[in-house]
1. Considering the Cα positions of the range 54-162, please state its Rg to one decimal place and its Dmax as a whole number of Å.
2. Can you order the peptides 45-56, 136-147 by their average number of other Cβ atoms within 10 Å per residue, highest first?
């Protein structure tokens with residue numbers, strides 16, 4: 001029953017995000033999405049929408065199945081490959097500029113270092129965030145075809161090269177929407 005409820009919720013969330021995508025596309029910037037699927041033994045799942053707006057990428061992410069009230073590391077990884085079952089096939093953090101791991105928007109950091117996600121009391125996240133230093137569809141910082149990972153632990157923003165964010169709870173591949 002829980003699996004059916006989760007699948008229904010994800011389909012509805014995806015439909016809502018894709019409907020929003022159509023509105024975003026009306027404003028001219030390229031868009032992309034990633035369906036976050038649970039890694040083996042986990043229940044974390046959701047959807048992420050990316051919209052290029054000038055030199056920023058606006059991200060809207062919805063995730064459920066997280067530890068209630070907890071913070072979770074969140075990163076773009078170098079490979080769009082979730083085939084390993086544990087998310088490790090996505091490789092390390094996306095880092096085209098060879099920077100040290102750090103906090104997005106606060107000094108040097110990997111391009112794939114995103115702000116952490118904080119789950120509500122029900123273990124869900126629904127957040128929008130502006131991201132700098134990324135692009136959809138072109139250039140060295142293009143996120144299309146990359147992996148998107150939700151981690152089990154908070155990112156400490158200093159441990160190299162991962163932020164000590166722990167196991168990979170969910171994995172998705174960032175895919176561009178057609179123009």
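FYI, it's all coordinate maths here, none of it is from the lab. Because the structure is predicted, anything quoted here is derived from the model rather than measured. All Cβ positions, glycine included, derive from the backbone under ideal geometry; neighbour counts span all protein chains shown.
1. Using the Cα atoms of the range 54-162, the pair Rg, Dmax is 13.5, 39 Å.
2. Values: 45-56: 19.9, 136-147: 17.3.
Result, highest mean Cβ count within 10 Å first: 45-56, 136-147.
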